[in-house]
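Enquirer: I have a structure here, written as structure tokens, and I will follow up with some questions on it.
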Amino acid sequence: MKVEINNIDELFQAIGNYNVPTNVVLDVNSRIKDWLVSGGNESDNYILNQCKYVEKIINKMLGEM
């Protein structure tokens, strides 16, 4: 089953459901926080890129790549 992450809510759900490496979680969390603090929105492509990065990590861990 391939994981698909398309928004910030799905991102947090996936992080909770899979054993995403701590360094990845900390990095993505920091990037998203900085983006939002600087005036970005949860629906921006930058956030989607972070979702897709975690999606790739999870699918690689699951052998779905």
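Enquirer: Name the residue that is farthest from Asn6 (Cα to Cα), counting only residues in region 23-41 that are loosely packed, with under 14 Cβ neighbours inside 10 Å and charged (D, E, K, R).
Expert: Step by step, filter region 23-41, then rank; the result is Asp34.
Enquirer: A further question follows. Condition first: under 20 Å from Leu62 (Cβ atoms) and part of a helix (DSSP H, G or I). Now tell me which residues in region 9-20 satisfy that.
Expert: Glu10, Leu11, Phe12, Gln13, Ala14, Ile15, Gly16, Asn17
Enquirer: When region 42-65 is examined, which residues are found to be surrounded by 14 or more Cβ atoms within 10 Å (Cβ to Cβ), closer than 19 Å to Lys2 by Cβ and of a type in the set (A, V, I, L, M)?
Expert: Once the filter is applied, which keeps residues that are surrounded by 14 or more Cβ atoms within 10 Å (Cβ to Cβ), closer than 19 Å to Lys2 by Cβ and of a type in the set (A, V, I, L, M), region 42-65 yields Leu48, Val54, Ile57, Ile58, Met61.
Enquirer: If you check Asn59, Asn23, Asn6, which single one turns out to be assigned to a helix (DSSP H, G or I) and touching a Lys or Arg at 6+ places or on another chain (Cβ under 9 Å)?
Expert: Asn59
Here, each number is a calculation from the coordinates, and none is a lab measurement. Keep in mind the model is a prediction, meaning the values are calculated, not measured. Neighbour counts are summed over all protein chains in view; Cβ atoms, including those assigned to glycine, are modelled from backbone coordinates with ideal geometry.
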